[in-house]
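Heads up, the thing below is written out as structure tokens.
The values are calculated or read from the model by the stated rules, or taken from the named source; none is laboratory data. This structure is a prediction, so every number in the text was calculated from the model and none was measured. When we count neighbours, we look across all protein chains shown, and the Cβ atoms used for this are built from the backbone with ideal geometry, even at glycine. The area values use the complete protein model at the heavy-atom level, side chains included, leaving out ligands, DNA and RNA. Shrake-Rupley method; radii C 1.70, N 1.55, O 1.52, S 1.80 Å.
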Amino acid sequence: MKKYIFLGATLCVAVAFTSCKSSESAYKKAYLKAQQRTEAQQNVTETPTVQPTVTVTETPTVAPVTTRPADETRVVDNTDNVTVRQETLSVVDGAGLKSYSVVVGSFSVKANAEGQMERLRNKGYAAQLGYNADRNMYRVVASTFDSKADAVQSRDQLRSEFPDAWLLYAK
């Protein structure tokens, strides 16, 4: 009984391997077809076609310009729609955080965070280092403010140098 099962399985494997082979003639046909297609494209590009040129002249219509004085120009900063993360942060190095802070770096290694904080301090920022124990991350704070509008303005200025700067509301 085992002999018949083994012979049947061997026969199925042999049939499967021999039926899946692609023939050399199929490759040759595909190669010749591609070669004919490239020759046809070359023949089309070699024969120049002459297009007749038609010039149409239209007179442009110009609307009259009316000048009006600007009564008042108001720039409104919509700071209410700016996203702010809320985290519990303890100050590791610095004077202390106010309500809104601009974070320019997040590091899991304290030495890396201290390095960026020193670079910021060398550039004249009052940089501080905070630690979020929940996420085990060190946050490098470039500036801290009591009002959200001031923090948004500072973040926008810092984004030229730190594109990933974000706002933090310290609990």
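Take the conditions (1) buried (at least 22 other Cβ atoms within 10 Å of the Cβ); (2) of a type outside the set (Gly, Ala, Ser); (3) part of a helix (DSSP H, G or I); (4) in contact (Cβ under 8 Å) with a residue 60 or more places away in the chain; Val103 misses just one of them, which is (3). Take Ala9 and tell me if it is within 30 Å of Lys148 (Cα to Cα) and modelled with pLDDT of 80 or more. Judged against the criteria, Ala9 is not a match. Cβ-Cβ contacts under 8 Å between residues 6 or more apart (or on different chains), taken from a first residue in the range 136-150 that is more than 10 Å from Val102 (Cβ to Cβ) and part of a strand (DSSP E or B) to a second residue that is among the basic types (Lys, Arg) and open to solvent by 40 Å² or more (accessible area, probe 1.4 Å), are listed as Tyr138/Lys110. Condition first: more than 19 Å from Arg159 (Cβ to Cβ), in contact with a strand residue (DSSP E or B) (Cβ under 7 Å, 6 or more places away or on another chain) and not acidic (Asp, Glu). Now tell me which residues in the range 108-127 satisfy that. Once the filter is applied, which keeps residues that are more than 19 Å from Arg159 (Cβ to Cβ), in contact with a strand residue (DSSP E or B) (Cβ under 7 Å, 6 or more places away or on another chain) and not acidic (Asp, Glu), the range 108-127 yields Ser108, Lys110, Ala113. Apart from one condition, Val62 fits all of (1) modelled with pLDDT under 80; (2) over 45 Å from the mean Cα position of the chain (by Cα); (3) open to solvent by 100 Å² or more (accessible area, probe 1.4 Å); the exception is (2).
For (1) assigned to a loop (DSSP other than H, G, I, E, B); (2) in contact with a Lys or Arg (Cβ under 7 Å, 6 or more places away or on another chain); (3) closer than 29 Å to Asn81 by Cβ, each residue gets a yes or a no:
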residue	(1), (2), (3)
Asn112	no, no, no
Met117	no, no, no
Leu120	no, no, yes
Arg155	no, no, yes
Glu161	yes, no, yes
Leu168	no, yes, yes
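Residues are listed down the side, and each one gets a yes or a no for (1) modelled with pLDDT under 90; (2) open to solvent by less than 70 Å² (accessible area, probe 1.4 Å):
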residue: Gly96; (1), (2): yes, yes
residue: Phe107; (1), (2): no, yes
residue: Gln116; (1), (2): no, yes
residue: Ala126; (1), (2): no, no
residue: Gln153; (1), (2): no, no
residue: Ala165; (1), (2): no, yes
